[in-house]
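Working notes, structure below.
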Amino acid sequence: MNQHARIDSVPFIDVAAQRRRLGKRIDDAIARVTEHCQFINGPEIGELERALADFCGARHAIGVASGTDALVLVLMAKGIGRGDAVICPSFTYAASPEAVALVGATPVFCEVDEKTFNIDPAGIERAVMAAKRAGLAPKALMTVDLFGLPADYEAINPVAGKLGLYVIDDAAQAFGAAAKGRKLGTLAPATTTSFFPAKPLGCYGDGGAVFTDDDALAETLRSLRNHGQGTDRYDNVRIGMTGRLDTIQAAVLIEKLKIFPEEIVARERIARRYNAALADVVTVPHLSNEHTCVWAQYTIRVSGGRRDALAATLRAQGIPTAQYYPVPSHRQGAYRDYPVTDGGLAVTEKLAGEVISLPMHAYLDEATQDRIITAVRGALR
Ligand SMILES: Cc1ncc(COP(=O)(O)O)c(C=O)c1O
């Protein structure tokens, strides 16, 4: 006889729960595409782009193949390349510095704020100095709205303006979030996002988008995503790439976008509930009444080397955790030769040693959340 009680595992992100809610509508939307067979640039692309632009208030939304391509395409459109520096945080997913390196430019890593995990506006100038000393021309600042929280654009934009940096908002984790009522997509001259399935607004494969109010940039991006196309298919006016969003993914996203506002509210409620229950045992994430966060991750900080023990205790109870990011970009093999800001990255290093993310998605019910809370509290007692 099996003496061990079966422990039900909690999903880290429950994509299937949303599928149970939307399955039929999405299956019908996909079936419409397989009927009309316009798999590339089908009518759903324009429909989604209009809906995304309306949702965030940007003049243009341009569907692209991934969040990484979105960044690469903006960098290409701005003519950023060899000899240029793009300031970006080290405490981010590899795709942010990767896009910079892919266009031949140099990522220069800047420091983040300990409370928000986002770029510290006071550290931008130090990174520019490091770039100049390395003989580079500082051209752009890539902000990242980590874990779903908007960076501090009110402070960042004037600093970037003074230093002559073009701001590219990597909102791969944060589309849907807002600062003082203005949604991401409108807070920087160019904003990118990812529709990777685990993202707050995810599709059923890879996808992404760029948002801008700049008509000329939008036109260039639409050309670049389509092999530098000019007035017709066989007119190539610039070097581009295959960077389009698939029609099937657009059809999926049209349906998901309809319930996205409700899901954002649910995520916020769940995050606030976690914060209230855990604030006395761990460092809980920053909450603000001026920002809305879309909680791509719910990330706590555990000091004193207790993180791995916490993860192991939770795992034994069927509760998965994740560490974003245990090794910051400037310590990764591929990026360790790139310049780091003057003064170093002490906050980034500290965060990398302490962060741990708990299960978070819009369908996390209270009973399951209570089980997670009890397990965390028990492990840290
Ligand atoms: C901060 C950040 N930037 C860019 C990307 C790249 O997005 P994609 O996976 O769609 O290429 C991601 C994806 O995880 C991300 O988290």
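Output yes when any residue across the range 281-291 is over 23 Å from the mean Cα position of the chain (by Cα) and open to solvent by 10 Å² or more (accessible area, probe 1.4 Å), and no when none is. Full working, then the answer.
Going residue by residue through the range 281-291, those that are over 23 Å from the mean Cα position of the chain (by Cα) are 281-282.
Okay, now just the ones that are also open to solvent by 10 Å² or more (accessible area, probe 1.4 Å), so 281-282.
Yes, the range 281-291 contains a residue that is over 23 Å from the mean Cα position of the chain (by Cα) and open to solvent by 10 Å² or more (accessible area, probe 1.4 Å).
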Within the range 48-90, how many residues are hydrophobic (A, V, I, L, M, F, W, C) and either in contact with a Cys (Cβ under 9 Å, 6 or more places away or on another chain) or within 16 Å of the ligand (Cβ to nearest atom) (or both)? 16
Flagged in the range 238-253 as of a type in the set (A, V, I, L, M) and loosely packed, with under 13 Cβ neighbours inside 10 Å, in numbering order, are 239
Could you grab me the full set of residues in the range 202-226 that are in a loop (DSSP other than H, G, I, E, B) and surrounded by fewer than 23 Cβ atoms within 10 Å (Cβ to Cβ)? 202, 204, 205, 206, 213, 214
Looking at 198, 122, which is the one that is out of contact with any strand residue (DSSP E or B) (no Cβ under 9 Å at 6 or more places or on another chain), open to solvent by 30 Å² or more (accessible area, probe 1.4 Å) and within 12 Å of the ligand (Cβ to nearest atom)? 198
Consider residue 378 carefully, then state whether it is more than 27 Å from residue 197 (Cα to Cα), surrounded by fewer than 18 Cβ atoms within 10 Å (Cβ to Cβ) and without any contact (Cβ under 8 Å) to a residue 60 or more places away in the chain. no
Yes or no: residue 109 open to solvent by less than 10 Å² (accessible area, probe 1.4 Å), under 14 Å from the mean Cα position of the chain (by Cα) and not hydroxyl-bearing (Ser, Thr, Tyr)? no
Specify which of the listed residues (162, 180) is away from the ligand (no atom under 16 Å from the Cβ), farther than 21 Å from residue 359 by Cα, free of Cβ contacts under 8 Å to residues at least 24 places away in the same chain and basic (Lys, Arg). 162
Across (1) within 12 Å of the ligand (Cβ to nearest atom); (2) over 26 Å from residue 16 (Cα atoms), residue 213 clears everything bar (1)
Counting only residues that are closer than 21 Å to residue 171 by Cα and of a type outside the set (Phe, Trp, Tyr), give me the helices (runs of 4 or more DSSP H) lying completely in the range 278-381 with at least 2 of them. 346-354
Just to check your reading of the model, which residue among 116, 92, 106 is more than 25 Å from residue 200 (Cβ to Cβ), β-branched (Val, Ile, Thr) and modelled with pLDDT of 95 or more? 106
Might you check whether a residue that is outside any helix (DSSP H, G or I) and out of contact with any Ser or Thr (no Cβ under 9 Å at 6 or more places or on another chain) occurs anywhere in the range 246-264? yes
Has the range 230-248 got at least one residue that is on the phi < 0 side of the Ramachandran plot, away from the ligand (no atom under 14 Å from the Cβ), small (Gly, Ala, Ser) and in contact with a strand residue (DSSP E or B) (Cβ under 9 Å, 6 or more places away or on another chain)? yes
If only one of 175, 147 is under 11 Å from the mean Cα position of the chain (by Cα), within 14 Å of residue 296 (Cβ to Cβ) and part of a helix (DSSP H, G or I), which one is it? 147
How many of the residues in the range 325-353 are hydroxyl-bearing (Ser, Thr, Tyr) and at pLDDT below 95? 1
What residue, of 73, 22, is under 29 Å from residue 159 (Cβ atoms), touching a helix residue (DSSP H, G or I) at 6+ places or on another chain (Cβ under 7 Å) and not β-branched (Val, Ile, Thr)? 73
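The values are calculated or read from the model by the stated rules, or taken from the named source; none is laboratory data. Since the structure is predicted, the reported quantities are computational estimates derived from the model, not experimental observations. Positions of Cβ are generated from backbone atoms using ideal geometry, with glycine treated the same way; all protein chains shown enter the neighbour counts. For the accessible areas, the whole protein counts, side chains as well, though only heavy atoms, and no ligand, DNA or RNA atoms are used. Shrake-Rupley method; radii C 1.70, N 1.55, O 1.52, S 1.80 Å.
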